[in-house]
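Engineer: One structure, as structure tokens, below. Some questions next.
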Amino acid sequence: MSRDEVLRQFRERFDASIVEITDRSPRRVYIEARPEALVPVATHLFRVLGARLNTASGVDTPTHLEIIYHFTLESIDLMVSVRVKLDRDRPSVETLTTVIKGANWIEREMHELLGIDFRGHPRLERLLLPEQWPEGVHPLRADYREWDASAVRDRGVR
């Protein structure tokens, strides 16, 4: 399958679920999907096209939280990044762990650090933060405020 065939397939199969396809370069494509389409789009990439999930990124923007799942189609040297935008106040999306077990830890990390609820995730529990860290405080959110007056979190920068 060629790169053009992959993009054509997405336009045909997921037309109503795709917000935008951004063709960055011959080796890089971004697909912005509606949140409810994340699992079907990722399933198509993983099971039908044989893409590999590399990682995922979570970003806090001024208007929304965003998740970008990065897939590689090695046979045609193409990276496809699937982006979903979530409500800042109630960020929630279906988990990909039902399709791709390797999404487990990265979704736990985004849950913990950004407060994204991955519905149906088998084990949304602490991964990085200490047990005494307060619930509902997410250190990678732009509005994060230090909750521990005795903490020194300057990362060595003065």
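The values are calculated or read from the model by the stated rules, or taken from the named source; none is laboratory data. Predicted model, so just to flag it, every value in this text is computed and none were measured. No Cβ is skipped: glycine too gets one built from the backbone with ideal geometry, and neighbour counts run over all protein chains shown.
Engineer: If a residue has to be closer than 18 Å to GLU74 by Cα, surrounded by 11 or more Cβ atoms within 10 Å (Cβ to Cβ) and among the polar types (S, T, N, Q) to count, how many in region 15-38 make the cut?
Structural biologist: The number of residues fulfilling the criteria is 0.
Engineer: Scan VAL93, VAL80, VAL84 and give me the residue that is at pLDDT 95 or above, aliphatic (A, V, I, L, M), over 23 Å from ARG24 (Cβ atoms) and not in a helix (DSSP H, G or I). Spell out the reasoning first.
Structural biologist: Numbers: VAL80 fails: over 23 Å from ARG24 (Cβ atoms); VAL84 fails: over 23 Å from ARG24 (Cβ atoms).
Exactly one residue qualifies, and that residue is VAL93.
Engineer: Condition check: over 28 Å from GLU20 (Cβ atoms) and at pLDDT 95 or above. Does ARG108 satisfy that? Even if it seems obvious, please write down each step before you answer.
Structural biologist: Numbers: over 28 Å from GLU20 (Cβ atoms): yes; at pLDDT 95 or above: yes.
Answer is yes for this residue.
Engineer: What about PHE46, is it at pLDDT 95 or above, in contact with a helix residue (DSSP H, G or I) (Cβ under 8 Å, 6 or more places away or on another chain), surrounded by 15 or more Cβ atoms within 10 Å (Cβ to Cβ) and aromatic (Phe, Trp, Tyr)?
Structural biologist: Working: at pLDDT 95 or above: yes; in contact with a helix residue (DSSP H, G or I) (Cβ under 8 Å, 6 or more places away or on another chain): no; surrounded by 15 or more Cβ atoms within 10 Å (Cβ to Cβ): yes; aromatic (Phe, Trp, Tyr): yes.
It is false that PHE46 is at pLDDT 95 or above, in contact with a helix residue (DSSP H, G or I) (Cβ under 8 Å, 6 or more places away or on another chain), surrounded by 15 or more Cβ atoms within 10 Å (Cβ to Cβ) and aromatic (Phe, Trp, Tyr).
Engineer: Another question about this same structure. Among what's in region 99-149 and is part of a loop (DSSP other than H, G, I, E, B) and within 18 Å of HIS64 (Cβ to Cβ), pick the residue that is nearest to the chain's Cα centre (by Cα).
Structural biologist: Taking region 99-149 as the starting set, the residues that turn out to be part of a loop (DSSP other than H, G, I, E, B) are 99-100, 115-116, 120-149.
If we keep only those that are within 18 Å of HIS64 (Cβ to Cβ) too, we end up with 115-116, 138, 140-144.
On the way: GLY115: 12, ILE116: 10, HIS138: 16, LEU140: 14, ARG141: 15, ALA142: 17, ASP143: 20, TYR144: 20 Å.
The residue in question is ILE116.
Engineer: If a residue has to be surrounded by 15 or more Cβ atoms within 10 Å (Cβ to Cβ), over 19 Å from LEU96 (Cα atoms) and without any contact (Cβ under 8 Å) to a residue 40 or more places away in the chain to count, how many in region 1-14 make the cut?
Structural biologist: Selection size over region 1-14: 1.
Engineer: Within region 1-49, track down each residue that is of a type in the set (Gly, Ala, Ser) and in contact with a Ser or Thr (Cβ under 7 Å, 6 or more places away or on another chain). Walk me through it before giving the result.
Structural biologist: To start, the set of residues in region 1-49 that are of a type in the set (Gly, Ala, Ser) comprises 2, 16-17, 25, 33, 37, 42.
Selection gives ALA33, ALA37.
Engineer: Please work out which one of (1) surrounded by 13 or more Cβ atoms within 10 Å (Cβ to Cβ); (2) out of contact with any helix residue (DSSP H, G or I) (no Cβ under 9 Å at 6 or more places or on another chain) is the condition PRO134 fails and give its number.
Structural biologist: With (1) surrounded by 13 or more Cβ atoms within 10 Å (Cβ to Cβ); (2) out of contact with any helix residue (DSSP H, G or I) (no Cβ under 9 Å at 6 or more places or on another chain) applied to PRO134, the lone miss is (1).
Engineer: Return the residue satisfying two criteria in turn: it lies in region 61-72 and is surrounded by 19 or more Cβ atoms within 10 Å (Cβ to Cβ) and in contact (Cβ under 8 Å) with a residue 40 or more places away in the chain, and of such residues it is farthest from GLN9 (Cα to Cα).
Structural biologist: LEU65
Engineer: Same structure again: Looking at the structure I just gave you, is MET79 in contact with a His (Cβ under 8 Å, 6 or more places away or on another chain), among the hydrophobic types (A, V, I, L, M, F, W, C) and more than 17 Å from HIS121 (Cα to Cα)?
Structural biologist: Numbers: in contact with a His (Cβ under 8 Å, 6 or more places away or on another chain): yes; among the hydrophobic types (A, V, I, L, M, F, W, C): yes; more than 17 Å from HIS121 (Cα to Cα): yes.
Answer is yes for this residue.
Engineer: For region 73-100, which residues satisfy the criterion of being surrounded by fewer than 18 Cβ atoms within 10 Å (Cβ to Cβ) and of a type in the set (Ser, Thr, Tyr)?
Structural biologist: SER75, SER92, THR98 - these are the residues of region 73-100 that are surrounded by fewer than 18 Cβ atoms within 10 Å (Cβ to Cβ) and of a type in the set (Ser, Thr, Tyr).
Engineer: Which of the numbered conditions does SER150 fail, given that it passes all the others? Conditions: (1) within 30 Å of ARG27 (Cα to Cα); (2) among the polar types (S, T, N, Q); (3) at pLDDT below 95.
Structural biologist: In the conditions (1) within 30 Å of ARG27 (Cα to Cα); (2) among the polar types (S, T, N, Q); (3) at pLDDT below 95, SER150 misses (1) alone.
Engineer: While we're on this one: Let me spell it out: the conditions are (1) of a type outside the set (Gly, Ala, Ser); (2) modelled with pLDDT of 95 or more; (3) surrounded by fewer than 19 Cβ atoms within 10 Å (Cβ to Cβ), and VAL41 meets all of them except one. Which number is the exception?
Structural biologist: (3)
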